[in-house]
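The values are calculated or read from the model by the stated rules, or taken from the named source; none is laboratory data. Since we're looking at a predicted model, the values are computed, not measured. Cβ placement follows ideal geometry from the backbone for every residue including glycine, while neighbour counts extend to all protein chains displayed.
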Amino acid sequence: MRRVLEAYVLGLIFVCGGCSSGSLSSGPTMPAAPHGGNLIALPSDKGFAELMTERNAARGKGAKTTRILAYFYQPDGKTALSPAPTDVKVRLGGSDVKLAPKSDSPGLYASEPDQFPDELRGDLELTCGGAPLQAPFSFR
């Protein structure tokens, strides 16, 4: 009886092991972040946002300033989002940080320099094609 049970369990393991569809991913495939930032998918398959920080040496007593940068991409993960998003802000805790478009790089938005924590956790909020979007994020 014990051998029959062992054979049954072993057979069950082999059968269940072969039932995989070949991929464990259930979400959309994330492209590589072109600027080395943290890529997040925008809701409703609108595209992607690449979030990152840019640290600068401070003027003065050793404090460092940081800008939050966001690049926005079409669903291909490479082309700048068009039409460009509006009303872009990052909500960190209870405060909102407005990101303004930068003319030197298509799809780039940046905050004013400030002192931000090393670990950023919050929500990215924007308007895309007239629809408000919100995407949570967390990164170091």
Does segment 22-34 contain at least one residue that is surrounded by 10 or more Cβ atoms within 10 Å (Cβ to Cβ), at pLDDT 85 or above and in a strand (DSSP E or B)? no
All positions within segment 94-104 that are under 14 Å from residue 69 (Cβ atoms) and free of Cβ contacts under 8 Å to residues at least 24 places away in the same chain: 98, 100, 101, 102, 104
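If you check 91, 140, which single one turns out to be touching an Asp or Glu at 6+ places or on another chain (Cβ under 6 Å), free of Cβ contacts under 8 Å to residues at least 40 places away in the same chain and either loosely packed, with under 13 Cβ neighbours inside 10 Å or within 18 Å of residue 47 (Cα to Cα) (or both)?
Numbers: 91 fails: either loosely packed, with under 13 Cβ neighbours inside 10 Å or within 18 Å of residue 47 (Cα to Cα) (or both).
Of 91, 140, the one residue that is touching an Asp or Glu at 6+ places or on another chain (Cβ under 6 Å), free of Cβ contacts under 8 Å to residues at least 40 places away in the same chain and either loosely packed, with under 13 Cβ neighbours inside 10 Å or within 18 Å of residue 47 (Cα to Cα) (or both) is 140.
Can we say residue 112 is in contact with a strand residue (DSSP E or B) (Cβ under 9 Å, 6 or more places away or on another chain) and surrounded by fewer than 13 Cβ atoms within 10 Å (Cβ to Cβ)?
Yes, satisfied.
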Hey, can you tell me all the residues within segment 94-109 that are assigned to a loop (DSSP other than H, G, I, E, B) and crowded, with 16+ Cβ neighbours inside 10 Å? 99, 107
